[in-house]
Amino acid sequence: MTLRSTASARAKVRIGHLYGDLLNLYADRGNILVLTRRCEWRHIAVEVVSIGMGDRIGSGEFDLLFMGGGQDGDQQFLGDDLFRVKADGLRGAVNDGVPVLAVCGSYQLLGHYYDPGTGPRLAGLGIFDMHTVHPGRSVRRCIGDVVVDWIGAPFRSPRSVVGFENHGGRTFIGSGARAFGRVVSGNGNNGEDGTEGVVQANAIGTYLHGSLLPKNPHLADYLIGKAVTRRTGSARLEPLDDHLEWQAHQTILDRHASHLAPVAGRVKLPRGSAR
Amino acid sequence: MDGLASVSSRKWRTGLAVAMGRMAGWVSRAVGRGGGTALPGLVVDRLDPGALAHLSRQLPGGVVMVTGTNGKTTTSHLIRAMLEASGWVPIHNASGSNLTRGILATLLRHASVTGSLDVPENAIGVFETDEAAVPRVLRDSRARLLVVTNLFRDQLDRYGEVNAIAQQWRDAFAALPGSHDLRLVLNADDPTVSALGRGLATTIRFGIDDPEIGRDAPDHASDANLCPDCGSRLQYRRVTYGHLGAYFCDKGHARPTPDVVADVLETNGWDGTAFTLKTSGGARRISLPVPGTYNVYNAIAGVAACAALGCDLEPVASAIANFHGVFGRFERFTIDGRRLVMVLAKNPVGMNEALRTVVGRGGSGHYVLVALNDHDADGRDVSWIWDADFEILAGQVTQLTISGHRADDLAVRLKYAGVIGSIPSSGTATVSADLTGALDGAVAGTPVGGTLVAIVTYTSMLEIRSSLVRRGHAKAYWDDAGVNTTAVVPR
């Protein structure tokens, strides 16, 4: 009996989607869709739970947490709930090693503070050792494709991660934090120090959308692997046919980082779906 | 400085700029760089930043601006047709070149080298205006009417979020001089748009009232979550599409009653939609020969604008009945015995409505081509495809052709939407970045007498269209000035 079928027999991976109805600005649904489909294709039972206003994050309740970005007004709307209702549960989950993916706006919210440049600093949850400063409207936003070298990529996994960034704020990570990746092309955290995102325990904060996970199946499986391990004690994920995903990944590499080794050969459509 | 001297130097400056702009247009056409729908305007704007104000304020009927995320081009074409039927002579940037430079280029065709505008006494400006260009065009043209179709997320890399655009517009309204008498024509069903008219007595609103149309909840990627009046959560009694509908909040704020209403909608496949038009002047049944619920919104936006201008309903209604759409928007072609329907879709809400229109025709086994480009005019960020509900196509498609510069991204999206996996073993799915080749293959695979639907982003639409024109399957689209717009990539 394989580990996979053991896992499927008794595990139901629970993915918590924080404020899914408000923080959905940059196609964050793509990330959730990729996580669930890649579980389903492996017969890993999976459930996505929307964590809305007023909902608490109980200890051990979720195997994976996802947060996206929202419009400014929507993000301010949830500020109070984030501090009063979510903060403890979210901090506990990160300390407990729950894999977390926070993209763009929510990445900023999880730092120490956000300095809008005009007016007072907005406090963040301080889960990530980092802060963000907006240099003012006259300074160019960071917009465009990004290629990063994923510092914590698992052994034998491709190391490139591709995405699209669109942020005005510049993020600086503290001495207690590790970057998620080194920028190969694009701006990343601040366009100065070559870092992109942050990693704390199994939590990843990043500016990359695109959506992020569809074109980075290795990162999606890294998160799924962590989640399944939490639920079942171990996980060996069955490989999937990721031809299309890697083709889309390669297209971005070809545009911006053609010096990087190709992640996969030129590819064909999966068998059975193309003629 | 005395007034006369400044007026005459103003004329001279604009006149010189007009001459240089004209020359730029000739050169552009002579070297085959397209129709010059933007370049002459760009030249004029650089040489004389006051030219837009100077020229547009000479329009005897004033200026009507049309803006919003979706439906700008169609709505401005409808308004143009309605005004023509009502005896006006519209000066209209018909090609959809809707930045300041495109509007200037349109004016330029009627301008003399002395800086004066040579138009009849019943001329009126109809300016389709890009969202970001609204403050400048509004201030300079002193537009008497601003029509806003809707506000959805679109090209976040270029415009920013919806609330930021609305705020820019409110700032622009606040900065207008007291002498500028502006009326707003607003979509009552869009919370953000409707709130633009808060406190303005002269605002005219339009909306759809049919309880049979639409759904219970907004689309996944709603851009209007919060009440614009008090910031509490919005709820909906009914959603027509996107986040448009009958909304209300706990604090008692709600969609205002529209002045111009479409009710009892009856869809008629590719042939359009019939609806009952209700205004203060009574109710009448109208057949709009272009499909899609959003085109009903475009039609009533036009009616509301014409009502604000004091037009009679009779010619306006007949203009709707005779309207046959704008190039690339449900445009139909015949190629080797197959019908090709081209549908422009450039953001999640537009895509959802395009997909629903394809599937809503009934049956399954559709022949579909989807193309995604990421030029500046399409938006460089393609993540929006994950906000669009491609799941609508699952189980509905026999032949799927995926193309455009970002065909690979689209293929991944269609895989995760379950569309590629749902194609029967007798069908096909192909991915090819080469759009012309992909189109040829898709046409060849469609049975004679069948219909191929091409759902395409902006520049892929232009690309397909010029390929069809080149091979004689379509006529070039010529605008007022005899400019072939198929060769033009605006912005």
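Rule-based calculations on the coordinates, nothing more; no lab input. These figures come from a predicted structure and were not determined experimentally. Cβ sites come from the backbone with ideal geometry, for glycine too, and all protein chains shown count toward neighbours.
Relative contact order for segment A:110-189: 31 percent, from Cα pairs under 8 Å spaced at least 6 residues apart, divided by residue count.
As an exercise, use a Förster radius of 30 Å and the Cβ-Cβ distance of A:LEU240 and A:ARG56 to find the FRET efficiency, rounded to the nearest 0.05. The calculated FRET efficiency here is 0.30. Report note on the peptides B:344-352, A:130-138, B:195-203: ranked by the mean count of other C-beta atoms within 10 Å, highest first, their order is B:344-352, A:130-138, B:195-203.
Which percentage, to the nearest 5, of the DSSP beta bridges contained in chain A is antiparallel?
Here the antiparallel bridges make up roughly 55 percent for chain A.
Across chain A, Cα pairs under 8 Å and at least six residues apart give a relative contact order of 19 percent.
Taking every DSSP helix (H) stretch of at least 4 residues in the protein assembly as shown, weighting each as -39,500 (n - 2.57) and dividing the sum by the residue count yields a mean residue ellipticity at 222 nm of -9500 deg cm²/dmol. For chain B, the relative contact order is 13 percent, taking Cα pairs closer than 8 Å that sit 6 or more residues apart in sequence and dividing their mean separation by the residue count.
Fully extending the segment from B:ARG215 to B:GLN235 would add 5.9 nm, taking 0.36 nm per residue of separation and subtracting the current Cα-Cα distance. Ordering of A:212-219, B:184-191 by packing is B:184-191, A:212-219, highest average first (other Cβ atoms within 10 Å, averaged per residue). If you take the beta carbon distance between A:ARG141 and B:ARG46 as r and set R0 to 30 Å, what does 1/(1 + (r/R0)^6) give as a FRET efficiency, to the nearest 0.05? Approximately 0.75, to the nearest 0.05. Ordered by the number of other Cβ atoms lying within 10 Å of each residue's own Cβ, fewest first, A:HIS259, A:HIS43, B:HIS375, A:HIS167 fall into the sequence A:HIS259, A:HIS43, B:HIS375, A:HIS167.
The ranking of B:HIS54, A:HIS256 from fewest to most other beta carbons within 10 Å of each one's beta carbon is A:HIS256, B:HIS54.
Counts of other chain beta carbons within 10 angstrom of each beta carbon in peptide B:381-393 average 5. Residues whose amide H lies under 5 Å from that of A:HIS134, counting only those 5 or more places away or on a different chain, are A:ASP115, A:GLY117, A:ARG170; hydrogens are built 1.01 Å from N in the peptide plane.
Taking 0.36 nm per residue of sequence separation and removing the Cα-Cα distance, the A:SER175/A:ASN95 pair yields an extension gain of 27.0 nm.
Using R0 = 51 Å, the C-beta based FRET efficiency linking A:ALA123 and B:SER364 works out to 0.45. Measuring nothing but alpha carbons in the protein assembly as shown and taking Rh as the Kirkwood radius, the Rg to Rh ratio lands at 0.97. Each of A:ALA45 and B:ALA254 was given a label point 7 Å from its Cα along the Cα-to-Cβ line. The distance between the two points is 4.5 nm. Counting every other Cβ atom within 10 Å of each residue's Cβ, B:GLU131, A:GLU245 order from fewest to most as B:GLU131, A:GLU245. Placing dummy labels 7 Å off each Cα toward the beta-carbon, the span from B:ASN322 to B:ASP440 is 4.1 nm. Peptide A:201-214 has a mean of 2 when you count, residue by residue, the C-beta atoms of other protein chains within 10 Å of its C-beta.
Filter A:LYS12/B:LYS415; B:LYS72/B:LYS251; B:LYS72/B:LYS415; B:LYS346/B:LYS475; B:LYS346/B:LYS415; A:LYS86/A:LYS226 down to the pairs with a C-alpha to C-alpha distance above 28 Å, please. Where the Cα-Cα span goes over 28 Å, the pairs concerned are B:LYS72/B:LYS251; B:LYS72/B:LYS415.
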